[in-house]
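The values are calculated or read from the model by the stated rules, or taken from the named source; none is laboratory data. Quick caveat: nothing in here was measured; it's all calculated off a predicted structure. In this analysis, Cβ positions are derived from the backbone assuming ideal geometry, glycine residues included, and neighbour counts consider all displayed protein chains.
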Amino acid sequence: MSNYNPQEIEAKWQKKWEETELYRSKVDWDKPKHYALTMLPYPSGNLHIGHWFAMTPSDARARFMRMKGYNVLFPMGFDAFGLPAENAAVQRNIHPAKWTYANIEKMRKQMRSMGAMFDWEREAVSCDPDYYKWTEWFFKEFYEENLAYKKEALVNWSPALQTVLANEQVIDGKDERLGQPVIQKMMSQWFFRITKYADELLDFEGIDWPEPIRLMQTNWIGRSEGAKVTFKADTANQEPIVVFTTRPDTLWGATFMVLSPEHPLVDVLTMDENKAAVAAYQETTAKATEIERLSEGKEKTGVFTGGYATNPVNGAKVPVWIADYVLMTYGTGAIMAVPAHDQRDFAFARKFGLEIIPVIQPDGEEALTADEMEEAVVASGTMINSGPLDGVVVNSEKGRKNPAIAAAIDWLQENGAGEESVNYRLRDWLISRQRYWGSPIPIVYKEDGTMETVDVTQTPVTLPEDVDFEPTGRSPLTYYDPFLNTTDSSGNVARRETDTMDTFMCSSWYWYRYLNPNYGAGPMDPEEAAYWLPVDVYTGGAEHATMHLLYARFFNKAMRDLGMFDDASEIAAKNGRQTDGLFDEPMVMLRNQGQILGEERMGDMVMATGRWDGDKMYADRVEVVESADGVADGTVVGELMRRTENVMHVATADKTVVVELVDDGVVEIPAIEGKNTVNQLKHHLEIQRMSKSKGNVVDPDALVSAHGADTVRGYLMFAFDWQRGGPWNSQGMAGFTRFLDDVWTLGNASYIPKKENDKASRALRRATHQAMQKATRDMEAFSFNTALASLMSLRNTLKDAQKKTNVSVAAWNEAVDSMLLMLAPVSPFITEELWEARGHGYSIHQQPWPVADDEIAKEETLEIVVQINGKIRGKIEVAADASRESIQDAAMAEIADRLAGKEPKKVIVVPGRLVNVVV
RNA sequence: GGGGUGGUGGCGGAAUUGGCAGACGCAGCGGACUUAAAAUCCGCCGAACUUCGGUUCUUGUGGGUUCGAGUCCCACCCGCCCUACCA
């Protein structure tokens, strides 16, 4: 037997698997199907450890399902459009296509080393014209069904990226890619009408998705129930000013209105003497980025327009203001302000001296006058000062469930002043991008100013290749004439749309293309779709909660409503599948993996000097030092264990001391130049995301060449709770290396029993079948770490049996073969090699998953804990099928001495577990 | 501010959902083998006390329910993630 040499066997089997097409998945109506999908990568050119952590456990799960008897499809592809390719073009003078395809080629090689069961025949690459022809086709279909439209809108413009972004791509007023500021700009842009599906997207019935994802989507959609109320402007034309409110019950306390600075009625309402101030305010907010707005804190700003409007419930004239805390993009862009019961309105009213009228008398509290109030009153109670609503109960319920709100809505509808209304935070999906490297939008603008879609025979509209990329980053499509100039359907001169589509558009339907990437009659092959859809398990990162995962559901629902699944549905029905609601959701089950973080590290050795107050030090100086030597009395020296703000926990030689840095205290870190801050101190076990700049990146290629893919896969699955992730630990890999070394030895051993023993054989079989029970349950639950722990336990039992050589050959073989079979999804190469070495046929990956015999797995005797008043006082060994009475008798005998004749008050017997005697 | 999620040995993590807390592994310690080291093998490994048989404490903190709580309930503290003037 030779030593375990992963490089050799991995190359060998990779080749054989490809030659024999081991992982080709074909429609087979006689077998149950399982479509396992993992998120496709962006072709950055390098596979990092996070890709491995996402993909290889997903692969193991797919392989497990295959062994369980399912016909499994597990495809892969590339989400290949996007900005980095254009940056490469500008910076390195490489065409985006060349750069992208070179990266894809490199990543395909890296992925092959994973040993995953990807069916490469089904690979889809979103920047292939064969692929984006259908992305364009979807656009056309959506356009024709009024799901895509163009409008002038205030949008997020990123000067750094030279493009607009969807709301989902803007985080804290910065773009999610570079973290550069985003500003608001009026532009004519393409949108998808995702809001049409807002209510259906809130319904997760029938799909098994993690609760946090469902909550994030629910919050993102942000359904709120309330009413639209029409105020009339105090002008000659009495222009209606519509507001949305969730609290129509407080209308009688509305003492002013606030419009967004961009609101179209601002000009009408503004009096001559206020024009200058209003214009100045509008200009300031237009220029401000969202971050600048936020950096102002909660301090309210705004100006009076000089205009008034009439509150429809009581005819009161209320002043109309503009302020940036009212957003044009939410609701109607105008609010009624109820300072008594809304904290923002209260702050605004106090700052500008506006009237405050309380309309809710809180339960069990004295009524406050407006002058006495220190903050808005948000409480349950009874309506006051509200005419017809006086005395009605207000509770904390939302919408019509709240009696006061219901009464207010009824009043508004009877008096024609407003109506019940639902508002969503979700806005239509902005898909225009002013970029080159994306799927073109198949629209042309005719001479007369109208537009039309490009005829399907003329698609795909392809990206021109011989373009120059300006250093400004401007899209070449906007200045490359051969692309721009075209003709319309009647042959007249026309101009092409120069915007391309958001790359999330490409990734909103890729799992349909995988089914048959060469299909020419439509985006997906209905014969394949009928069998494989929907996706059974989707795995990937949770960071896509409100972007990709929401778009994917929208796309699927729109496709269903446009009849795009009709053919597939018919074929499915013909083959006996239940088709009701079959195509309502794209993915039945979703599971998110956690993130692998950088390796943990030791904290800085710090020395603090300052004033002691009891056990705590108020330090005026903290410095990073080399060692704890030469410590003066009264100073603290030790490793920084924890830090919260300016409070540090320092582990000195004998104890942990709390050190608080005083306000003007000095921090000195010799390794970092300039003025240092307390935030730069590294504390114990501080862990961070991996990044090149932090120098804590783990390179999977290097690990594979050092240890083999089987070890890397196995370690990733063993060392973490997959759904949580955690910090990398370079030492931990040794444990899995030892495990595979043992597996290698056991798998190659020729076993000859010396002193065969029935009891030992039974014990080994029991261990084998218990491992089957645990591994099966855990693989099903994505609990890879505990599944592997049970295999390691079986390994330990086997090593013991090998030493004692006291089990039967049959028991030995069953244990070794089962261990290999159960390890096969995790470490596919070594198990294939050993399967062959043990004289079994090719391939282990086509064997059925071992099924436990519960009778064999059952323990013969059980250890029962005997407690007195809940504390362990002894243990007894009883037969597995012992009766309750006999267990109790044995337990009482065990503790007879301790009881010393005392009569127990109560005896609790939990069969198979414990006996608790209460005295 | 709102929401989510988590807090268990030196570390990664287990705990059939209310029943022996710490499975499995890493690191560490002691021993064997070796001229030596690595590898390997054997043993120990939450803390304190101990007459070496045990005893007491221990799942962020404080209460509660229960024969029995890491698990359920209440209050609080801390970490991470998402979101944020959403009317």
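Taking segment A:749-791 as the range and being part of a loop (DSSP other than H, G, I, E, B) and either crowded, with 21+ Cβ neighbours inside 10 Å or at positive phi (or both) as the test, only A:F782 passes. Summed over segment A:782-813, residues that are within 11 Å of RNA strand B (Cβ to nearest atom), among the polar types (S, T, N, Q), under 21 Å from A:K759 (Cβ atoms) and in contact (Cβ under 8 Å) with a residue 12 or more places away in the chain total 3. In segment A:299-312, the qualifying residues are those that are within 15 Å of RNA strand B (Cβ to nearest atom) and not in a strand (DSSP E or B), and the one that is surrounded by the fewest Cβ atoms within 10 Å (Cβ to Cβ) is A:E299. Annotation: of all residues in segment A:230-245 being surrounded by fewer than 19 Cβ atoms within 10 Å (Cβ to Cβ) and within 16 Å of RNA strand B (Cβ to nearest atom), the one that is farthest from A:D267 (Cα to Cα) is A:T230. The set of residues from segment A:319-349 being in a loop (DSSP other than H, G, I, E, B) and touching a Phe, Trp or Tyr at 6+ places or on another chain (Cβ under 6 Å) comprises A:G331, A:T332, A:P339. The condition (being within 16 Å of RNA strand B (Cβ to nearest atom) and crowded, with 16+ Cβ neighbours inside 10 Å) is satisfied by just one residue among A:L582, A:L515, A:L533, A:L549: A:L549.
Which one is modelled with the lowest pLDDT among residues in segment A:159-174 that are surrounded by fewer than 21 Cβ atoms within 10 Å (Cβ to Cβ) and over 24 Å from A:A558 (Cα atoms)? The extreme case among them is A:D172. When residues in segment A:468-511 are screened for being without any contact (Cβ under 8 Å) to a residue 24 or more places away in the chain and either closer than 16 Å to A:D130 by Cβ or of a type in the set (G, A, S) (or both), 2 of them pass. Considering segment A:143-155, and only residues there that are crowded, with 21+ Cβ neighbours inside 10 Å and at pLDDT 80 or above, the residue that is farthest from A:M451 (Cα to Cα) turns out to be A:L147.
What is the residue count in segment A:100-121 for residues that are in a helix (DSSP H, G or I), within 26 Å of the chain's Cα centre (by Cα) and not β-branched (V, I, T)? Selection size over segment A:100-121: 5. Specify which of the listed residues (A:D710, A:D699) is closer than 22 Å to A:S113 by Cβ, acidic (D, E), at pLDDT 95 or above and out of contact with any strand residue (DSSP E or B) (no Cβ under 8 Å at 6 or more places or on another chain). Just a single option satisfies the conditions, and that option is A:D710. Total residues in segment A:706-721 satisfying the condition of being farther than 17 Å from A:H51 by Cβ, outside any helix (DSSP H, G or I) and near RNA strand B (Cβ under 8 Å from one of its atoms): the figure is 1.
Residue by residue, here is whether (1) farther than 18 Å from A:L73 by Cβ; (2) touching a strand residue (DSSP E or B) at 6+ places or on another chain (Cβ under 9 Å) holds:
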site: A:V90; (1), (2): yes, no
site: A:K98; (1), (2): yes, no
site: A:K106; (1), (2): yes, no
site: A:M111; (1), (2): no, no
site: A:M114; (1), (2): no, no
site: A:M117; (1), (2): no, yes
site: A:S126; (1), (2): yes, yes
site: A:P129; (1), (2): yes, no
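Specify which of the listed residues (A:R400, A:R435) is among the basic types (K, R), part of a helix (DSSP H, G or I) and at pLDDT below 90. Within the list A:R400, A:R435, the selection yields A:R400. Considering segment A:257-298, and only residues there that are in a loop (DSSP other than H, G, I, E, B) and modelled with pLDDT of 80 or more, the residue that is nearest to RNA strand B (Cβ to nearest atom) turns out to be A:S260. Of the residues making up segment A:342-382, those that are within 26 Å of A:L259 (Cα to Cα), among the small types (G, A, S) and away from RNA strand B (no atom under 15 Å from the Cβ) number 2.
The numbered conditions (1) among the acidic types (D, E); (2) without any contact (Cβ under 8 Å) to a residue 24 or more places away in the chain; (3) within 30 Å of A:T768 (Cα to Cα) are all true for A:E860 except (2). For segment A:350-396, a residue qualifies if it is part of a loop (DSSP other than H, G, I, E, B) and in contact with a strand residue (DSSP E or B) (Cβ under 7 Å, 6 or more places away or on another chain), and the qualifying residues are A:L354, A:V359, A:D363, A:A367, A:V377, A:A379, A:S380, A:I384, A:D390, A:G391, A:V392. Scan segment A:207-229 for residues that are more than 6 Å from RNA strand B (Cβ to nearest atom) and assigned to a strand (DSSP E or B) and the total you get is 6. Within segment A:853-909, the only residue that satisfies the criterion of being closer than 30 Å to A:A811 by Cα and among the polar types (S, T, N, Q) is A:T861. Among the candidates A:A882, A:A891, the residue that is surrounded by 17 or more Cβ atoms within 10 Å (Cβ to Cβ), part of a helix (DSSP H, G or I) and not acidic (D, E) is uniquely A:A891. When A:N385 is tested against the conditions (1) more than 37 Å from the chain's Cα centre (by Cα); (2) farther than 25 Å from A:D502 by Cβ; (3) crowded, with 18+ Cβ neighbours inside 10 Å, the lone failure is (3). Per the listing A:R724, A:R762, the residue uniquely more than 12 Å from RNA strand B (Cβ to nearest atom), over 25 Å from A:E833 (Cα atoms) and touching a residue at least 60 places away in the same chain (Cβ under 8 Å) is A:R762.
Applying the criterion of being within 16 Å of RNA strand B (Cβ to nearest atom) and of a type in the set (D, E) to the residues of segment A:413-445, the residue that is nearest to A:F81 (Cα to Cα) is A:D428. Just so you know, in segment A:859-879 the residues that are assigned to a loop (DSSP other than H, G, I, E, B) and under 22 Å from A:E903 (Cα atoms) include one that is farthest from RNA strand B (Cβ to nearest atom), and it is A:N869.
Counting the residues of segment A:477-533 that are assigned to a loop (DSSP other than H, G, I, E, B) and acidic (D, E) gives 5.
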